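What follows is a set of notes on a single structure, which appears directly below.
The values are calculated or read from the model by the stated rules, or taken from the named source; none is laboratory data. This one's a predicted model, so the numbers in the text were calculated from it and none came from an experiment. Positions of Cβ are backbone-derived with ideal geometry, glycine not excepted, and every protein chain shown enters the neighbour counts.
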């Protein structure tokens, strides 16, 4: 494999920058450009102090610390160096260029982690956990990624595969030695074990409901008529003046999106244009978009002005949320002019919260309702494996379907070699998660998502 180099710290000015080099010739490349204060023998897990020198001009580029990792005890299992320089973009770029001029090649996105996978240090699910950890937005998402990186999913998959291989071994023994007439016993054992496998896969598949919330968050649309208080509610939730608030109707023409967290779960809040009959073409587009966002959201917060009677536009909003996870907000309670028909609202069977968005009253109750509605308190990452990756969830779903199909095949007294086909498909699905038989296209697609230098 080629010797690669890249800047591993994110762009921008910082105290420290890291240029990473990995490959058979990593030490040779570094030796050409690094002048240590002492010339002790290179040893793994050591760090040397010195200077990066341009070998052509002997000019000092920077004062650095170089970390050495001797194969196979490194992130990539190859010889590896990390040059810790000052965090100047100019300095790091110059160090990288010197590495490239002296025998290294520029790394592709995710190539260091790809080397770790191809060299067998981690499986594909652990490699995916790396990018998920880098991109994590909350503590819970980071915790789920760490669990996957630690190999919890890999262990669970291997445990299920071990049971499947036991079944397959019995079946193939029955095929190879038909004279012993053990097919009936084999089928009975296979059926029992396949049911256990199905339940294990079902448990993993069910965990994706929580995993999806951890990773993607709860998409939440704030909808209402103009001046009901949508933008004031957004500002109250964010504790800043993010949206323009005026008495002029139709101020919000497009969506405003922001993230908050509730008990470690990301909540994507979307403030939408006020829903009403509009003459302005731009406002009409915004209102159409509001309806689409409400339809596609996990949660809709429908806000109403409690000081006014329900309008036809308000009733249209109630019709929009009747089959959705939704919370009704009665806003502007500070005005003490209650005209809204609360009995009519109660017919929709939704949680109703009284609020003054302007004075930030009722915000904590809103958080509490969201927490209860999505059972956020019940999400426990220490209780088994939680699937957060869509690719993994889909493969687990397929594996479970094949386990059901194999049981039906046994029940229908199909030939034992036909049963083996479905069982092999279960293994194939699980191997695609860990990368044992993932195609090159899948592997390349996964590592494309990585940043340069990781």
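Quick one: in region 38-68, of everything that is in contact with a helix residue (DSSP H, G or I) (Cβ under 9 Å, 6 or more places away or on another chain) and under 13 Å from residue 27 (Cβ atoms), which residue is surrounded by the fewest Cβ atoms within 10 Å (Cβ to Cβ)? Full working, then the answer.
Within region 38-68, the subset in contact with a helix residue (DSSP H, G or I) (Cβ under 9 Å, 6 or more places away or on another chain) is 42, 52-56, 61-62, 64, 66, 68.
From the residues that got through so far, the ones that are under 13 Å from residue 27 (Cβ atoms) too are 42, 66, 68.
On the way: 42: 16, 66: 23, 68: 19.
By that ranking, first place goes to 42.
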**Asked** Name the residues in region 275-300 that are modelled with pLDDT under 70 and part of a loop (DSSP other than H, G, I, E, B), would you?
**Response** 275, 276, 277, 278, 279, 280
**Asked** Would region 174-196 turn up any residue that is crowded, with 22+ Cβ neighbours inside 10 Å, in a helix (DSSP H, G or I), at pLDDT below 90 and over 25 Å from the mean Cα position of the chain (by Cα)?
**Response** yes
**Message:** Being surrounded by 22 or more Cβ atoms within 10 Å (Cβ to Cβ) and at pLDDT 80 or above: is that true of residue 260 here?
**Reply:** no
**Request:** Check whether at least one residue in region 110-121 is within 24 Å of residue 211 (Cβ to Cβ), surrounded by fewer than 17 Cβ atoms within 10 Å (Cβ to Cβ) and touching a helix residue (DSSP H, G or I) at 6+ places or on another chain (Cβ under 7 Å), and report yes or no.
**Result:** no
**Fill in**
Condition set touching a residue at least 24 places away in the same chain (Cβ under 8 Å) and surrounded by fewer than 18 Cβ atoms within 10 Å (Cβ to Cβ), scope region 439-454, selection nearest to the chain's Cα centre (by Cα): answer is 449
**Asked** Restricting attention to region 12-29, and to residues there that are assigned to a loop (DSSP other than H, G, I, E, B) and over 14 Å from residue 85 (Cα atoms), which single residue is nearest to the chain's Cα centre (by Cα)?
**Response** 23
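Kindly provide the set of residues from region 122-141 that are surrounded by fewer than 19 Cβ atoms within 10 Å (Cβ to Cβ) and touching a helix residue (DSSP H, G or I) at 6+ places or on another chain (Cβ under 6 Å), ordered by number. Walk me through how you get there before you give the answer.
Step one: of region 122-141, the residues surrounded by fewer than 19 Cβ atoms within 10 Å (Cβ to Cβ) are 133-135, 137, 139.
Of everything in region 122-141, just one residue is surrounded by fewer than 19 Cβ atoms within 10 Å (Cβ to Cβ) and touching a helix residue (DSSP H, G or I) at 6+ places or on another chain (Cβ under 6 Å), namely 133.
How about region 106-162: which of its residues are assigned to a loop (DSSP other than H, G, I, E, B) and more than 19 Å from the chain's Cα centre (by Cα)?
Initially, region 106-162 is screened for residues assigned to a loop (DSSP other than H, G, I, E, B), giving 107-110, 119-123, 136-138, 150-151.
If the condition is that a residue be assigned to a loop (DSSP other than H, G, I, E, B) and more than 19 Å from the chain's Cα centre (by Cα), then 107, 108, 119, 120, 121 are the ones that fit.
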**Asked** Of the residues that make up region 39-51, is at least one under 25 Å from residue 108 (Cα atoms) and at pLDDT 95 or above?
**Response** no
